[in-house]
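One structure is given here, and the rest of the page talks about it.
The values are calculated or read from the model by the stated rules, or taken from the named source; none is laboratory data. For clarity, every value in this text was computed on a predicted model and none was experimentally measured. Note that we place each Cβ from the backbone using ideal geometry, even for glycine, and neighbour counts take in every protein chain shown.
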Amino acid sequence: MKKTFIFLLLGLVLIGTPVLAQKGVKKIYVAHVNNSDTTITKLERDEITFQAKSTIKNLEELLVLITSTIPTENQLDKSIKESYLIAPPPNSSQIFYNDGIVIEDDIDPRHTSSQTTADLPVDRYLRNLALFYSKSDEETIKFSQVITSTLIEGKAFHYVKVFFTSTFTGKYTDPNNQTDVAYRPLQRVAELRVEKIDGKWRTFIVRLGFPKPGEGLTNSETKPVISLGIAPAKPITGKEFLYRGIANPIDSVSVKWDKNWLTVIRSTTDNIPLGSYQYRRIDNTSQAFVSITLTDKDHKLDFRQTNGSHLYLNRVVPSRRLIAWLQIVVGTAALGASYVGYSSLQRSYNDYTGKLTSLNAEYAVWQTLSQQPGDSPAKPMSFTSYAQPGIYGVYGGGIVGSGLIINGIRQLLRSGK
């Protein structure tokens, strides 16, 4: 019987155990966030965002015009002044709020941050661009990756921030002949004052420069807060999962969910607010809402911010190699326990058969000496019958242990080990 058990375990080592995976489905959870000014509708907020992006586009076109060979001196002077002088409607050329706006210089390629730049009045900045930047028939200034913040309620006025990448590909003529440094793409930020003029929303630049250290869409000014009173009737009792940011691994969130609700329990980033998100079949892309979408069998989390940008996170799971070794260790422990159990049952059975043999011998001697008729000596039970029900636990432990070891070895092989 012992040999049979050993052969059974060896046979299991040669048999694979398939691993079945359930195909995941896309889950969308949405939450309403409090806005600083609830009197401005969603439609108006969308219009403000559009106007802010249009203003940045107009700024790009102005810089391209200034550095082109097309305008005459008179046309150039007119375009520069119209960009900051207040004029009655319908003057669509005004980009800056007034002529007192100060710009952090990026014309000098050595000016690459708020710590290394120089502050220039808007008129001086634009005229320096015309003087010291090379002229070209082709566009050599390009804005890309334009992202707007949500509407911010300042102390004096409402405003939005626009972050973008500015790329100069022309050449800089140093008036002092002190540098020949080439341009490189730079991160820039513009603050745009929001005003309603004659029933229409307009945006004007009040600040143009480099992002300050720590400044970005994670700034507390744009931190969303989930509206109170919107939550499940009972706390979610499901398992808690940890997700870590792809672009920034420092960002992480812990969430629980069921078919109706998702709760963000912990978050290391202000962008993803704590609270409850309700299941929806379709995402609500309004700026008054944020959403979390789970995909790839719930291994990927996509957080949509109020401004439409996304944060992507991956679920933190133990590595395949670690899981494989855990399976091998647990499987080995199960096999060891099965062997110990089998050996214990075998010793007990040997004691039983030994005592029964001794009793049968004594009975045979008595029967011979007494010349008394009697039954035949008792036959011992089979090992399987004697060891029931414990033997089933031993066999089951051996099967489970072997399966875990096989799975663990397969996982190691798949991980290249």
Which numbered condition in (1) closer than 19 Å to Q94 by Cβ; (2) in the same structural domain as Y277 (by TED's automatic domain parsing); (3) basic (K, R) is the only one that K234 fails?
(1)
Taking segment 304-349 on its own, how many of its residues are assigned to a loop (DSSP other than H, G, I, E, B), free of Cβ contacts under 8 Å to residues at least 40 places away in the same chain and buried (at least 18 other Cβ atoms within 10 Å of the Cβ)?
0
Out of all the residues in segment 84-101, is one or more assigned to a strand (DSSP E or B) and either under 19 Å from A190 (Cα atoms) or of a type in the set (S, T, N, Q) (or both)?
yes
Of the criteria (1) touching a residue at least 40 places away in the same chain (Cβ under 8 Å); (2) within 32 Å of the chain's Cα centre (by Cα); (3) outside any loop (DSSP other than H, G, I, E, B); (4) surrounded by fewer than 19 Cβ atoms within 10 Å (Cβ to Cβ), which one Q187 fails
(1)
For segment 28-71, give me each residue that is within 29 Å of the chain's Cα centre (by Cα), modelled with pLDDT under 95 and either basic (K, R) or within 21 Å of S136 (Cα to Cα) (or both).
K42, R45
Restrict the check to segment 344-364 and report whether at least one residue is small (G, A, S), in the same structural domain as K256 (by TED's automatic domain parsing) and modelled with pLDDT of 80 or more.
no
Within segment 167-177, is there a residue that is in the same structural domain as I70 (by TED's automatic domain parsing), within 30 Å of I40 (Cα to Cα), within 38 Å of the chain's Cα centre (by Cα) and surrounded by fewer than 20 Cβ atoms within 10 Å (Cβ to Cβ)?
no
Got a sec? Which strands (runs of 3 or more DSSP E) wholly within segment 229-297 have at least 2 residues that are within 14 Å of the chain's Cα centre (by Cα) and at pLDDT 90 or above?
241-245, 252-257, 261-267, 289-295
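Here's the yes/no breakdown for (1) of a type outside the set (V, I, T); (2) without any contact (Cβ under 8 Å) to a residue 24 or more places away in the chain; (3) out of contact with any helix residue (DSSP H, G or I) (no Cβ under 9 Å at 6 or more places or on another chain):
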{"residue": "V146", "(1), (2), (3)": "no, no, no"}
{"residue": "F164", "(1), (2), (3)": "yes, no, no"}
{"residue": "T167", "(1), (2), (3)": "no, no, yes"}
{"residue": "N177", "(1), (2), (3)": "yes, yes, yes"}
